[in-house]
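K.L.:
Below is the structure I would like to discuss, written out as structure tokens.
The values are calculated or read from the model by the stated rules, or taken from the named source; none is laboratory data. Note that the structure is predicted; figures quoted are calculated from it, not measured. Every residue, glycine among them, receives a Cβ derived from its backbone with ideal geometry; neighbour counts consider all protein chains shown.
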Amino acid sequence: NTIAKQHRKLYFGSATNNVEFVNDTAYRDILQNNRMFGQITAANSMKWGSTEPFPGVFTFDDADQVVQFAKTNGQILRGHNCVWHNHLPDWVLNGTFTESEILSVVQRHCGTLVGRYRGQIYSWDVVNEVINDDGTFRETLFFNSSGTKYIATAFHTARAADPFAKLYANDFNIEGPGPKSTAYRNLIKDLKKEGVPIQGLGIQSHLVVGELPVNIKENLEAFTKLGIEVAITELDIRMTLPETPSLLAQQKKDYETIISACNEVKGCIGVTVWDFTDKYSWIPRSFAGEGNACPWDDNLQIKPAYFGIIDGFRK
Ligand code: G3I
């Protein structure tokens, strides 16, 4: 984070889960060092399933603990997230809602969640993963009940609940050009035309070693030309196991490539890794035979990727 700030006032941060920083002291020692990490994202604790388990019943213990952790350590926070089709409580997942019902459910959830941390969050992922890879809208239960109306509702509600936070959409596979990136540019233009307060786009960046898209920089620039900022919000770069020295070297290069792309784009304002250690990475649970995607290994030792990050920020 110190190096990221030196050059262009970027932040460097990490996602984390409560069990990790509460129970694992060696992990906590690294995460709480704000010369290393200037920003924190709750990987799961602010999600709908974690914060509104029953209609109108909110539980903020874990989310509060993440916010407190970051505050204690002088780290800024990203809020993740208001509306996503995953990690939903059963009452939303199994419910049937008319358009006006789903919009008021979204309003109550986003308003209460964002309002609780008013003035304390740098940026909120107001909607997460609303577009498919082919550029069409994802047919979530929110979309099926309201079309795209829930998107505007979520942003207006978040704005009213916290006038200080930057309001983002967030998604994967929009690092390089393609139909999904084009669709996001169109969505952002439409939302802005309608007066919807969108101010940023989160580029998740769950990438694969040796398979980074080309023209990342140009793609990020095209987003910022619409008058929004962008951030790398969930960076990890996975490999097919077993790990080899050449995969580690390529991974280092790939971390440097994406971070220097952000660094070179004026409107790209920070980078978050989706947890900093392989010990707690989500990858092995979701991609059989793949892993080692983070800059610190299973034993909390830095990998070559760590130096790729530094080189990317120094460029
Ligand atoms: O905490 C429970 C534990 O009590 C239980 O025993 C266990 C059994 O499955 O589940 C635990 O919860 C899991 C949670 O991660 C904590 O590890 C959930 O099942 C699991 O679904 C959840 O996965 C998270 C996933 O989002 C879904 O919310 C991952 O950790 C998290 O890394 C992942 O993050 C997403 C971003 O939010 C959005 N972009 C993609 C990214 C990767 O999928």
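K.L.:
Scan segment 81-136 residue by residue and report those that are of a type in the set (Val, Ile, Thr) and within 15 Å of the ligand (Cβ to nearest atom). If you could, list the steps in order and put the result at the bottom.
P.N.:
Just the residues of segment 81-136 that are of a type in the set (Val, Ile, Thr), to begin with: 83, 92, 96, 98, 102, 105-106, 112, 114, 121, 126-127, 130-131, 136.
Answer for segment 81-136, where residues must be of a type in the set (Val, Ile, Thr) and within 15 Å of the ligand (Cβ to nearest atom): VAL83, VAL92, VAL126, VAL127, VAL130, ILE131.
K.L.:
Applying the selection to segment 77-91, what residues are more than 25 Å from THR16 (Cβ to Cβ) and of a type in the set (Val, Ile, Thr)?
P.N.:
Of the residues in segment 77-91, the ones more than 25 Å from THR16 (Cβ to Cβ) are 90-91.
Those that are more than 25 Å from THR16 (Cβ to Cβ) and of a type in the set (Val, Ile, Thr): none in segment 77-91.
K.L.:
Something else now. Just a yes or no: is a residue in segment 62-77 in contact with a helix residue (DSSP H, G or I) (Cβ under 8 Å, 6 or more places away or on another chain), in contact (Cβ under 8 Å) with a residue 12 or more places away in the chain, within 12 Å of the ligand (Cβ to nearest atom) and closer than 28 Å to GLU101 by Cβ?
P.N.:
yes
K.L.:
Quick one: which residue in ILE269, ILE283, ILE198, ILE228 is surrounded by fewer than 22 Cβ atoms within 10 Å (Cβ to Cβ), away from the ligand (no atom under 16 Å from the Cβ) and more than 16 Å from GLY312 (Cβ to Cβ)?
P.N.:
Numbers: ILE269 fails: more than 16 Å from GLY312 (Cβ to Cβ); ILE283 fails: away from the ligand (no atom under 16 Å from the Cβ); ILE198 fails: surrounded by fewer than 22 Cβ atoms within 10 Å (Cβ to Cβ).
The match here is ILE228.
K.L.:
Report the residue count in segment 127-180 for those that are in contact with a helix residue (DSSP H, G or I) (Cβ under 8 Å, 6 or more places away or on another chain), surrounded by fewer than 24 Cβ atoms within 10 Å (Cβ to Cβ) and among the aromatic types (Phe, Trp, Tyr).
P.N.:
Count: 2.
K.L.:
Looking at LEU103, LEU77, LEU88, can you tell me which residue is at pLDDT 95 or above and under 24 Å from VAL271 (Cα atoms)? Don't jump to the end; show me each part of the working.
P.N.:
Details: LEU103 fails: under 24 Å from VAL271 (Cα atoms); LEU88 fails: under 24 Å from VAL271 (Cα atoms).
Going through LEU103, LEU77, LEU88 in turn, just one is at pLDDT 95 or above and under 24 Å from VAL271 (Cα atoms): LEU77.
K.L.:
Give the residue, chosen from THR157, THR140, that is closer than 13 Å to GLY111 by Cα, β-branched (Val, Ile, Thr) and in contact with a His (Cβ under 9 Å, 6 or more places away or on another chain).
P.N.:
Answer to the selection: THR157.
K.L.:
Also: Report the residue count in segment 302-315 for those that are part of a loop (DSSP other than H, G, I, E, B) and surrounded by 14 or more Cβ atoms within 10 Å (Cβ to Cβ). Even if it seems obvious, please write down each step before you answer.
P.N.:
Going through segment 302-315, the residues part of a loop (DSSP other than H, G, I, E, B) turn out to be 303, 315.
Filter once more, so that each one left must be surrounded by 14 or more Cβ atoms within 10 Å (Cβ to Cβ): 303.
Residues that pass the stated criteria total 1.
K.L.:
When you check PHE54 against the structure, is it within 16 Å of the ligand (Cβ to nearest atom), more than 19 Å from SER123 (Cβ to Cβ), free of Cβ contacts under 8 Å to residues at least 60 places away in the same chain and of a type in the set (Phe, Trp, Tyr), yes or no? Quick ask: steps written out before the conclusion?
P.N.:
Numbers: within 16 Å of the ligand (Cβ to nearest atom): no; more than 19 Å from SER123 (Cβ to Cβ): yes; free of Cβ contacts under 8 Å to residues at least 60 places away in the same chain: yes; of a type in the set (Phe, Trp, Tyr): yes.
When the stated conditions are applied, PHE54 does not pass them.
K.L.:
Taking only segment 286-301 into account, find how many residues are under 18 Å from ASN17 (Cα atoms) and exposed (fewer than 15 other Cβ atoms within 10 Å of the Cβ).
P.N.:
Looking only at that region, the number is 3.
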